[in-house]
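Below is one structure, written out as structure tokens; comments come after it.
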Amino acid sequence: MTATSESLDIASSACCAPDPRTSECCSLSQGVLSAQEAQRVAGVLKALADPMRLRLLSHLAAQGCDSVCSCDFTEELGISQPTVSHHMKKLVDAGLITREQRGKWAHYSVVPEAFAEIRVLLDLR
């Protein structure tokens, strides 16, 4: 056995070894995902897996519950309006943020429930 495969064996056995403090084996708190649920969650995680989208989301979330005009992202992040629109559409489609048209500008808000669902899904016990 090579050092790499040995370390993988140790890591995988450690993951599923009972925690002496809880005497339970680790598991996802929500159980096994259905194929449909896994497909939906993968779409959400894929939307989050882009560095620019994370920066946009971070900027949006920093405003708290207030909506943010798309015009605020361009100067703050140094990106063009088409780039903002492209990435925000991906986040809206994933259900992570909402979009409201006000005149010629789009305003975006975070959907807190979407992030609560992600936290629950990734809760490894």
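Assorted remarks:
- Modelled this way, with points 7 Å down the Cα-to-C-beta line, the labels at Leu122 and Lys89 are 2.7 nm from one another.
- Ala114 paired with Glu76, simple spin-label distance in nm, labels 7 Å along Cα-to-beta-carbon: 1.6
- Each label point was placed 7 Å from the Cα along the Cα-to-Cβ direction; for His59 and Arg40 their separation is 3.0 nm.
- Rolling a 1.4 Å probe across the protein heavy atoms gives segment 39-125 an accessible surface of 60 Å² per residue.
- Solvent-accessible area of Phe115 with every protein chain in place, 1.4 Å probe, in Å² to the nearest 10: 50
The values are calculated or read from the model by the stated rules, or taken from the named source; none is laboratory data. Given the structure is predicted, the values throughout are model-derived calculations rather than measurements. With ideal geometry, Cβ positions are generated from the backbone for all residues, glycine too; neighbour counts draw on all protein chains shown. Keep in mind that these areas ignore ligands, DNA and RNA; they rest on the heavy atoms of the full protein, side chains included. Shrake-Rupley method; radii C 1.70, N 1.55, O 1.52, S 1.80 Å.
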